[in-house]
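Written below as structure tokens is the structure these notes are about.
What follows draws every value from the coordinates through simple rules; no lab data is involved. From a predicted model like this one, the values you see are computed outputs, not experimental measurements. As a convention, Cβ positions derive from the backbone with ideal geometry for all residues, glycine included, and neighbour counts pool all protein chains shown.
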Amino acid sequence: MTSIYLAGKIGPNDWREDIVPGIQDAWGGHYGHAWREDGIDWPVLPNGALSLFDYTGPYFVDTCSHSADGCGQSEHRAGSECDGDYGERDATLRRCLRSIDRSDVVFAWLQDLTAYGTLTEIGYAKGRGKNVIVASPEKPGMVNDFYQDAMSGRDSHALCMHNLWFAFTLADTFIKASTPLEALKQYADLNPQLESPIEEAFWREFLTSKPEELNGLKAQQPVFDGRYRIDFALPDDKIGIELDGYTWHSNPKAFTQDRARQRELELHGWRIIRFSGAEVNSDAGDCVRQAAQLAASFRRREKP
């Protein structure tokens with residue numbers, strides 16, 4: 001399972017709560033005041049982020065639901081409590097860096113112009129060779145764009161975003177989205193948790209060619225309330241693509257179960273396209289092209 005660190009400003013009604021349910025209880029509720037002890041690291045929540053990624057941090061302790069009226073504080077930092085004591089910043093910093101060290105991906109939501117700690121996290125993650133994803137409602141333009149925007153009277157926040165250009169250049173991937181939740185879902189759709197080398201080869205070719213007939217293709221698509229998973233699917237059209245690796249499908253019991261599953265899917269209106277592992281290994285691009293042609297053919301047959 002891929003592990004992820006969510007960098008970005010921490011504040012009232014923090015956006016991480018939409019991505020990591022129970023984030024506050026996972027640290028403050030369980031550990032109480034243990035956050036003050038520097039030797040204790042933040043926990044890793046298996047499948048904690050979107051039920052797709054192991055969540056590594058940051059965490060924050062909150063006794064007033066991030067309400068400025070509740071404690072007189074206007075902002076809350078990772079690992080802090082609403083008792084007016086921000087004194088353990090060094091311990092919090094070390095926890096942040098150690099959490100980044102044990103993460104595969106660092107996802108940074110960069111919108112607040114005062115998110116100075118986020119800039120440090122992005123730079124540290126890049127230096128440690130992590131996969132850095134930067135997401136924002138907009139991406140800073142070049143110098144000429146800055147002057148054009150200034151002359152056109154664009155708002156000051158948008159103009160100041162240009163000053164963050166260096167952080168965006170460190171990103172392995174930039175995602176434009178209106179919210180962090182939307183951005184992370186986009187990333188998850190493009191980077192599914194694949195189970196075999198032939199699935200990875202097929203997905204790489206799909207991302208390279210992106211045939212129009214396969215728009216909306218999902219990987220590891222759950223069906224029947226999660227009882228089955230289809231390797232790749234167009235859920236709205238009920239078209240599935242299955243890749244048959246030799247190791248799994250050479251087992252007689254697995255072969256029988258696979259065929260029973262396909263019959264059940266077909267009874268519920270699914271059309272299944274199958275490729276052997278040998279076909280994918282030989283020419284994954286051709287498999288993607290054939291899948292696109294067959295998907296288009298299925299759709300044509302449905303038209304009156």
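Modelled label positions at residue 193 and residue 94, each set 7 Å beyond Cα in the direction of Cβ, lie 3.2 nm from each other.
Measuring spread by the Cα atoms of segment 175-304 yields a radius of gyration and Dmax of 15.2, 49 Å.
The length gained by stretching the chain between residue 181 and residue 290 to full extension, at 0.36 nm per residue less their Cα-Cα distance, is 35.8 nm. Going by neighbour counts of Cβ atoms within 10 Å, the residues 272, 239 line up, fewest first, as 272, 239. One Cα centroid belongs to segment 254-304, the other to segment 206-234; the line between them spans 11 Å.
Amide H contacts for residue 10 (H built 1.01 Å from N in the peptide plane; partners 5 or more residues away or on another chain; cut-off under 5 Å): none found. By the beta-carbon count within 10 Å of each Cβ, the least crowded to most crowded order of 196, 51, fewest first, is 51, 196.
Close amide H pairs (under 5 Å, H built 1.01 Å from N) link residue 131 with 106, residues at least 5 positions away or on another chain.
Using Cβ counts within 10 Å as a stand-in for footprinting exposure, how do 282, 209 rank, fewest first?
Numbers: 282 10, 209 13.
Final ranking by Cβ density, sparse to dense: 282, 209.
For residue 244, the residues whose modelled amide H falls within less than 5 Å of its own, excluding neighbours fewer than 5 places apart on the same chain, are 275, 276, 277.
Measuring between alpha carbons in the structure, the pairs from 130/185; 218/253; 126/218; 210/253; 130/238; 130/210 lying more than 31 angstrom apart are 210/253; 130/238.
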